[in-house]
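Every number in this text was worked out from the coordinates using simple rules, so none of it is lab data. The model shown is predicted, which means the values in this text are computed figures rather than measured ones. For neighbour counting, all protein chains shown are included, and Cβ atoms are generated from backbone atoms with ideal geometry for every residue, glycine included.
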Ligand code: SF4
């Protein structure tokens, strides 16, 4: 059977950097777009030569904000990918698009060149919170852009939300969930704000200019989201991801199931044939390398069987269906219980994990304490 893998394409540009963001992306760098796209085309072409015998089951253009590129640049990239790789007929092809970077014509071109899923970052419904976060858009722009992409034919849309934001009230969060679900996207991601070192938010928190909202309210908001989204027809299939039936993100499932994926573009990570590596994070170096793979790859490491088993467990447990005994055995040739029997026993006893029909999964309490659980699956 032909091997399959996911393809991640990184576009490291945004109009302007959000105040909480530590993703590898640059604001206000329009002058680099063209050089970057050319270098990326070269990388795609060269990588394609290595993976001719692989089928691409999903593509994800992430960032950054891929839609800051022009429709011509995005079309060029897509053409190059289609020419260089063997795409599955039913491949899920997603692009991240922030409000304020997409209009009718661009949306139509995206649809036409093969994107069949679109992911929009909105984060919150209240303009005051959007401005605290340093987002470039208002909620009205989001509403408008959402309709634009719907009309362009996108029938599979994800909306990214955030909670536990400074000054966000429980009422704000309820309103966000209510309004967003009324717009009827197929998929919703809801992440709690993490204050990352090196961001303007981190400094503001250090100086006491912004206040964290506290663990208790954070958990309350999360639990509310889980039950509210369920009532509105969005099943929770991963700790932070909710979807209508059949609209779960296949690309994300590749990561959680530790299936192989190739990342192209600045700083993009790959996991292939038991090896993990990433491309350089240095934009000038990336551009100058012109796709020469030996100049791009950094920190190549062979993933040991112990590490692979640990990752398989703690990433798999992020999904509500959990990890099946059979999938563990077919991946590693040993029984899950012979490696993790004692750990699983303890967590089941303490109510953080439960036995499912064919394996194990986290309980609701286990989700709240997931970091604690995951750490125990790492083998020395
Ligand atoms: S749009 Fe996304 S990637 Fe860009 S700065 Fe904001 S959070 Fe970061």
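With Rg and the Kirkwood Rh both taken from Cα atoms, where does Rg over Rh land for segment 214-259? List each step's numbers first, then the result.
Numbers: Rg = 12.4 Å, Rh = 11.7 Å.
Radius of gyration relative to Kirkwood radius: 1.07.
Simple spin-label model, 7 Å along Cα-to-Cβ: residue 363 to residue 23 in nm?
Here the answer is 3.6 nm between the modelled labels.
Report the full-extension gain for the segment residue 329 to residue 105: residue separation times 0.36 nm, less the Cα-Cα distance, to one decimal in nm.
Gain in length upon complete extension: 75.7 nm.
Based on the mean of other Cβ atoms within 10 Å per residue, sort peptides 65-71, 154-160 so the most packed one is first. Don't jump to the answer; show the numbers that get you there.
Details: 65-71: 23.1, 154-160: 19.4.
Going by the mean number of other Cβ atoms within 10 Å, highest first, we get 65-71, 154-160.
So if we plug the beta-carbon distance of residue 15 and residue 259 into 1/(1 + (r/R0)^6) with R0 = 35 Å, what FRET efficiency do we get, rounded to 0.05? Kindly include the intermediate steps, with their values, before the conclusion.
On the way: r = 33 Å, r/R0 = 0.94.
About 0.60, to the nearest 0.05.
Assuming 0.36 nm per residue, please report the length gained on full extension of the stretch residue 230 to residue 90 beyond their Cα-Cα distance.
That pair, residue 230 and residue 90, stretches by 47.6 nm at full extension.
Tell me, what is the FRET efficiency for residue 150 and residue 128 to the nearest 0.05, using R0 = 35 angstrom and their Cβ-Cβ distance as r? Each step should come with its number before you reach the end.
Numbers: r = 27 Å, r/R0 = 0.76.
Once the sixth-power term is evaluated, E becomes 0.85.
Give me the tail of P(r) for the chain as a percent: Cα-Cα pairs with distance above 41 Å. Display every interim value, and only then the final one.
Numbers: 8573 of 72010 pairs.
Cα-Cα pairs in the chain separated by more than 41 Å: 12 percent.
Express in nm, to one decimal, how much length is gained between residue 304 and residue 169 on full extension, taking 0.36 nm for each residue of separation and deducting their alpha carbon distance. Don't jump to the answer; show the numbers that get you there.
Working: separation 135, 0.36 × 135 = 48.60 nm, distance 4.49 nm.
Separation in residues times 0.36 nm, less the Cα-Cα distance, equals 44.1 nm.
What is the distance in Å between the Cα centres of segment 332-359 and segment 210-225?
30
Report the residues of segment 58-101 in range of a label on residue 275: point 7 Å along Cα→C-beta, backbone N strictly under 18 Å from it.
Counting backbone N atoms under 18 Å from the label point, the list is empty.
Using the basic label-point model (7 angstrom from Cα toward the beta carbon), what is the residue 217 to residue 79 distance in nanometres?
5.2
After finding the eigenvalues of the alpha carbon gyration tensor for segment 322-375, what semi-axes result from the square roots of 5 times each, listed largest first in whole Å?
On the way: eigenvalues 76, 24, 19 Å².
Equivalent ellipsoid of segment 322-375: 20, 11, 10 Å, largest first.
I'd like to compare 215-222, 133-140: which one has the highest average count of other Cβ atoms within 10 Å, and what's the full order after that?
Values: 215-222: 15.5, 133-140: 17.5.
The peptides rank, most packed first, as 133-140, 215-222.
Each label point is 7 Å from the Cα along the Cα-to-Cβ direction; what then is the distance between the points at residue 192 and residue 342, in nm?
3.0
Whole Å is fine, so just give me how far the alpha carbon centre of segment 297-330 lies from that of segment 159-201.
29
Between residue 205 and residue 50, take the C-beta separation as r, use R0 = 51 Å, and let me know the FRET efficiency to the nearest 0.05. Intermediate results must be reported in sequence, preceding the final value.
Numbers: r = 44 Å, r/R0 = 0.86.
According to the calculation, E is roughly 0.70.
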